[in-house]
Amino acid sequence: MSLVNFNGKILPADSNIISVYNRSFRYGDGLFESMRCNESGINFIDQHAKRLLQGLGTLKMSIPKKFTAEYISDQVSKLYVKQEITGDARVRLMAYRNEGGLYSPSTHDFSYLIEIEQLDESGYPLNKDGLSIGIYEEMKKPVNILSNYKTANALLFVMAGIFKNENKLDECLIKNEKGDIIEAISCNMFIVKNGVLVTPALNSGCVAGVMRETIIGLAGKNDIKVEERRLGLVEVESADEVFLTNASAGIKWVGQLGQHKFGNKMSSMLSVELQQVVGVVS
C-alpha cells in the first residue's frame with residue numbers, strides 16, 4: 001500500500017485528504033520541493049530546506065518555528081520507514097496555503113503533503129546514452145519573484161511536457177519572456193564551451209536548483225571557470241557539451257539538440273565528483 005505523510009500523520013495515499021476548497025487546486029497557491037533520500041537521510045537537506053523556506057516566505061505563508069531542516073528530515077524518514085523502502089527514493093514535499101477566501105486568502109497557515117517513491121539505482125549514475133532534446137517555443141516563462149521556485153502554477157511545464165512527448169524527445173528547453181534559454185522542463189541547464197561552464201543566471205527566471213548550486217560548487221573546487229549569465233540558442237547549439245541537472249537524477253548529459261551533437265567529458269567528471277559527495281564510489 002502506498003503511504004503519504006500529511007501534516008505529520010502517515011496515511012494511505014488514497015485517503016480523502018484534499019477538499020474541493022483546497023487553494024492549490026483552485027488557485028495554484030502552493031509550491032513543492034523534489035528531493036532524493038536514502039537510509040541516511042535527504043541528500044543536501046540544508047539547501048532544500050533553505051529554498052523551501054524562502055519560497056514559503058515569498059508566498060507570505062506563516063512558517064511555524066518547528067518547520068526546520070531537521071523537522072523536514074524527520075518527517076521524510078518517518079515515511080521512508082513506514083513505506084518499508086530500502087536504498088534510494090525520490091521525495092516530493094508539497095506545501096499549500098490552507099483553504100479560506102477567494103483570490104485573497106483568509107489565512108496564511110499552510111499544510112504539507114510528502115510522497116515517496118523507491119528508485120532502482122543508488123546515488124546519481126550518469127546516463128549511458130545522451131539525451132535527445134528540443135526547444136519549446138509556444139509559451140515563455142515570465143521572470144518575477146516566484147520564478148526561482150517550484151510553484152503549483154506549472155501549466156507551462158505541462159504544455160512543454162506534451163510537446164516533448166509529441167516529438168518523441170527526452171527533454172526540452174524553456175525560454176523566458178526575453179527569448180533566453182533558461183532551463184529544461186524538470187532540470188537546470190549547463191553548457192560547456194572551451195573549458196568554461198556556463199549556466200543561466202537566476203535573474204533570468206530559472207529555478208534556483210539545489211543540484212545547480214551543488215554543481216557550481218563542485219566546478220569551483222576543481223578549478224573550472226563558471227559563468228552565470230544570459231544564454232541564447234545559438235550559443236547552446238555551438239557548445240561542446242550540454243547537460244541537465246536536478247536533485248532527483250543528478251547530472252544527465254545531452255547528446256543531441258536538432259542536428260547539433262555534444263560530448264560528455266566534463267559532465268562525466270562532475271558526475272564522478274557528485275557520486276563521491278553522496279558516498280557512492282563509481
> What are the residues in region 125-148 that are under 30 Å from ASP88 (Cβ atoms) and of a type in the set (Asp, Glu), if any?
Replying inline: ASP129
> Is there a residue being over 18 Å from the mean Cα position of the chain (by Cα), more than 19 Å from ALA208 (Cα to Cα) and assigned to a loop (DSSP other than H, G, I, E, B) anywhere in region 69-82?
Replying inline: no
> Looking at region 198-252, which of its residues are within 25 Å of SER34 (Cα to Cα) and free of Cβ contacts under 8 Å to residues at least 24 places away in the same chain?
Replying inline: ILE216, GLY217, GLY220
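Please determine, by comparing only the residues of region 18-73 that are of a type in the set (A, V, I, L, M, F, W, C) and closer than 19 Å to ILE145 by Cβ, which one is surrounded by the fewest Cβ atoms within 10 Å (Cβ to Cβ). It would help to see each step written out before you state the result.
Looking only at region 18-73, we keep the residues that are of a type in the set (A, V, I, L, M, F, W, C), and these are 18, 20, 25, 31-32, 35, 37, 42, 44-45, 49, 52-53, 56, 59, 61, 63, 67, 69, 72.
Next, from what is left, pick out any that are closer than 19 Å to ILE145 by Cβ: 31-32, 52-53, 56, 59, 61, 63.
Numbers: LEU31: 25, PHE32: 20, LEU52: 24, LEU53: 18, LEU56: 21, LEU59: 21, MET61: 23, ILE63: 15.
Top of the filtered list is ILE63.
For a quick check of your reading: which strands (runs of 3 or more DSSP E) sit entirely within region 213-282 and have at least 3 residues that are touching a Gly at 6+ places or on another chain (Cβ under 7 Å) and not β-branched (Val, Ile, Thr)?
Numbers: elements: 226-229, 241-246, 250-257.
In region 213-282, the matching strands (runs of 3 or more DSSP E) lie at 250-257.
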>> Among the residues that make up region 91-98, is at least one of them surrounded by fewer than 17 Cβ atoms within 10 Å (Cβ to Cβ) and out of contact with any Gly (no Cβ under 8 Å at 6 or more places or on another chain)?
In response: yes
> Considering region 69-110 alone, what residues qualify as being at pLDDT below 95 and within 12 Å of ASN7 (Cα to Cα)?
Replying inline: none
>> Among the listed residues TYR149, TYR103, TYR124, identify the single one that is farther than 16 Å from ALA249 by Cα, surrounded by 18 or more Cβ atoms within 10 Å (Cβ to Cβ) and among the hydroxyl-bearing types (Ser, Thr, Tyr).
In response: TYR149
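The values are calculated or read from the model by the stated rules, or taken from the named source; none is laboratory data. Fair warning: this is a prediction, and the values are worked out from it, not measured in the lab. Here Cβ is always computed from backbone atoms with ideal geometry, including for glycine, and neighbour counts include all displayed protein chains.
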